[in-house]
Every structure is written in structure tokens, then in C-alpha cells.
Amino acid sequence: MKEGIYTKVDYGRVVITLKNLLDDGGVTRNKLATLTGSGNNLVKRYYCYEDTPISSVDLGVLAKMCYVLECDVADLLKYERPIEAEGVIPMPDLPKQVAENKKARKYDRQPQK
């Protein structure tokens, strides 16, 4: 049986860009909270994302914000690619790795007698 080695892989991050959108559009957090029916604290968490990152987003809240601000989800979320750092392995070639794993599993199976 093979023993696995755990490695740290940096996949990058998704950033919420609501602050830029509201500041450029002249919409206040209070007005957005009122128009979306969300609480001020919720809008503040999305607005102040850099200060207090959130680990998951509510798709319903994003849909309401997109509707009110007349924008797309891509205007609210931005993917930032990882920066290579010492001790962090760059993202592996996943399709190639999956194909190799499937091939290896195929030959690992022994017919039962």
C-alpha cells in the first residue's frame, strides 16, 4: 500500500470587489442593504472583505446584489492566481494527474479467483 505525502498547494484566491463597485457607482452600503433586503452587517462583511475575509459566499445575496447594481457576478468576484513562494508547490497539472491515477488503478486491480 502506498503512503501519501501531503504537500501545500496554493490555488490562488477569490476576492470580493464590492467595495470598488459601490465606490465607483456612488451607491452606499446602507442603500444596498435596503434594496437587497440584507442586513447592514452582511453588506459590511462583503464590502470590507480585505479586513475580514469570508470563507463562503451566499449565492442568493450575490444574485440580489447583481440585480440591484445591474451587474454580473464577474463584476463582484475576481480570481487572483497564486504567487509562487518558497515552500509552496505550484498548482499541479490536474487533468494529466487524474489520467495517470486512473491508469495506475486499472493495473493495480487483481482478478479475484
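Read-outs throughout are calculated quantities, based only on the coordinates presented, and are distinct from any laboratory measurement. On a predicted model such as this, the values are computed, not experimentally measured, just so you know. Virtual Cβ from ideal backbone geometry, glycine too; neighbours counted across all protein chains shown.
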Inset, instruction - Calculate the spin-label point distance for E80 paired with V57, positioning each point 7 Å from the Cα along the beta-carbon direction, and give it in nanometres. - result: 1.4
Legend entry - V15 long-range amide H proximity, modeled H, under 5 Å: K78, Y79, E80
Inset, instruction - Can you work out the PRE-style zone for V15? Point 7 Å along Cα to Cβ, and I want the residues of the stretch 29-65 with backbone N under 18 Å. - result: 45-57
Inset, instruction - Go through the stretch 24-86 and name the GluC sites (Glu not before Pro) that are in a DSSP coil and have 12 or fewer other Cβ atoms within 10 Å of their Cβ. - result: E50, E70, E84, E86
Legend entry - Vicinal HN-Hα couplings computed from phi for the stretch 12-22 (Karplus, 6.51 cos²θ - 1.76 cosθ + 1.60; Hz; Gly/Pro x): x, 8, 9, 10, 8, 10, 4, 4, 4, 5, 5
